[in-house]
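Asks: Below is the structure I would like to discuss, written out as structure tokens.
The values are calculated or read from the model by the stated rules, or taken from the named source; none is laboratory data. All values reported here derive from a predicted model rather than from experimental measurement. Neighbour counts are summed over all protein chains in view; Cβ atoms, including those assigned to glycine, are modelled from backbone coordinates with ideal geometry.
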């Protein structure tokens, strides 16, 4: 259904979130043309599901800490972000206006997650509302693109991804078990 | 020579769509995303647009025929329609959607529809 994942470990993997079928098709083509591996989903909850984040996490701040630590003690691969397995997501690009969970809600949930808070998040919107843009950027979005998104916008993604990759290279010398323990901060 | 004639015709029609303001440079972006590996991209996305638009127009019609008119739903459909038409470079559709949304914001869908009647019957 548009969840085809091509397991090329050398490519950056982008998770695209948009409720519009046309915009999903467009962003997918834009990203693939720029040599990204893409998974496109139609909602924030599907995005969280794909990441392996329970949708109920981050609803209640107190329970959050507890759930996160419980999840980590019985950690399986789906709950952890392992970029070197190819399923790992290196960047999330999401539409702002979506029914149910907005792109901003998704941004907040990602940033609250200990496993995924370091994944760069980019927000797209057809509406040029400065207060909206500022709020997203202040709350952790790396970029805010106005729709329709173009190749020149997608080209701005690579620096954010390269930052993440050099961090990964540093940690790649550690063993897998060490990484599981250290990523659980 | 028939093939060449046909291509020429298509090129002319395409150019006139730009000249008349039906398409803008976003459409060119779509054409540029098409290549040998994805030779049908433009056709696929435009087809998606037509299918999606049909659905949206049906919903808009239903909403307009209900009393009282649910302006919030209407605005939602128009937002979607404006978004997808803008994404494929359908310039005129996008601007009509914007105008319609302004009327909706003023709670005045009926006035807008009356202004559209000449367009509807000449098509």
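Asks: Would you call residue B:104 at pLDDT 90 or above and either surrounded by fewer than 18 Cβ atoms within 10 Å (Cβ to Cβ) or away from chain A (no Cβ under 14 Å) (or both)?
Replies: In short, no.
Asks: Residue B:14 - would you say it is assigned to a helix (DSSP H, G or I) and within 11 Å of chain A (Cβ to nearest Cβ)?
Replies: Taking the combined requirement at face value, the residue does not satisfy it.
Asks: Restricting attention to segment A:70-89, and to residues there that are closer than 16 Å to residue A:15 by Cα, touching a helix residue (DSSP H, G or I) at 6+ places or on another chain (Cβ under 7 Å) and outside any helix (DSSP H, G or I), which single residue is modelled with the highest pLDDT?
Replies: Among residues in segment A:70-89 that are closer than 16 Å to residue A:15 by Cα, touching a helix residue (DSSP H, G or I) at 6+ places or on another chain (Cβ under 7 Å) and outside any helix (DSSP H, G or I), the one modelled with the highest pLDDT is A:89.
Asks: Now a separate question. Given the conditions (1) more than 19 Å from residue A:98 (Cα to Cα); (2) away from chain A (no Cβ under 12 Å); (3) within 20 Å of the chain's Cα centre (by Cα), which single one is not true for residue B:29?
Replies: (2)
Asks: In segment A:90-109, which residues are in a helix (DSSP H, G or I) and touching a residue at least 40 places away in the same chain (Cβ under 8 Å)?
Replies: Hits for segment A:90-109 are A:103, A:105, A:106, A:108, A:109.
Asks: From the residues in segment B:59-88 that are farther than 16 Å from residue B:103 by Cβ and over 16 Å from the mean Cα position of the chain (by Cα), which one is nearest to the other protein chains (Cβ to nearest Cβ)?
Replies: If we take residues in segment B:59-88 being farther than 16 Å from residue B:103 by Cβ and over 16 Å from the mean Cα position of the chain (by Cα), then B:62 is nearest to the other protein chains (Cβ to nearest Cβ).
Asks: Could you tell me how many of the residues in segment B:26-64 are surrounded by 14 or more Cβ atoms within 10 Å (Cβ to Cβ) and touching a residue at least 60 places away in the same chain (Cβ under 8 Å)?
Replies: Within segment B:26-64, residues that are surrounded by 14 or more Cβ atoms within 10 Å (Cβ to Cβ) and touching a residue at least 60 places away in the same chain (Cβ under 8 Å) number 3.
Asks: Return the pair list, or none, for Cβ contacts closer than 7 Å from residues in segment A:22-44 that are under 21 Å from residue A:10 (Cβ atoms) and within 7 Å of chain B (Cβ to nearest Cβ) to residues that are at pLDDT below 95 and part of a strand (DSSP E or B), at least 6 apart or on different chains.
Replies: Taking only residues 6 or more apart or on different chains, the pairs are A:29/B:38.
Asks: Of the residues A:130, A:120, which single one is modelled with pLDDT of 90 or more, more than 14 Å from chain B (Cβ to nearest Cβ) and either over 30 Å from residue B:27 (Cα atoms) or surrounded by fewer than 18 Cβ atoms within 10 Å (Cβ to Cβ) (or both)?
Replies: A:130
Asks: A further question follows. When the residues of segment B:19-68 are filtered to those that are in contact with a helix residue (DSSP H, G or I) (Cβ under 6 Å, 6 or more places away or on another chain) and not in a helix (DSSP H, G or I), which remaining residue is farthest from residue A:28 (Cα to Cα)?
Replies: Per the criteria, the residue is B:21.
Asks: Another question, if that's okay. Here is a check on your reading of the model: is residue A:140 over 22 Å from residue B:83 (Cα atoms), outside any strand (DSSP E or B) and at pLDDT 95 or above?
Replies: yes
Asks: Turning to a different aspect of this structure: Within segment A:135-157, restricting attention to residues that are touching a helix residue (DSSP H, G or I) at 6+ places or on another chain (Cβ under 7 Å) and within 11 Å of another protein chain (Cβ to nearest Cβ), which residue is surrounded by the most Cβ atoms within 10 Å (Cβ to Cβ)?
Replies: That would be A:148.
Asks: Go through segment B:2-24 and count every residue that is at negative phi and loosely packed, with under 12 Cβ neighbours inside 10 Å.
Replies: Summing the residues that are at negative phi and loosely packed, with under 12 Cβ neighbours inside 10 Å in segment B:2-24 gives 16.
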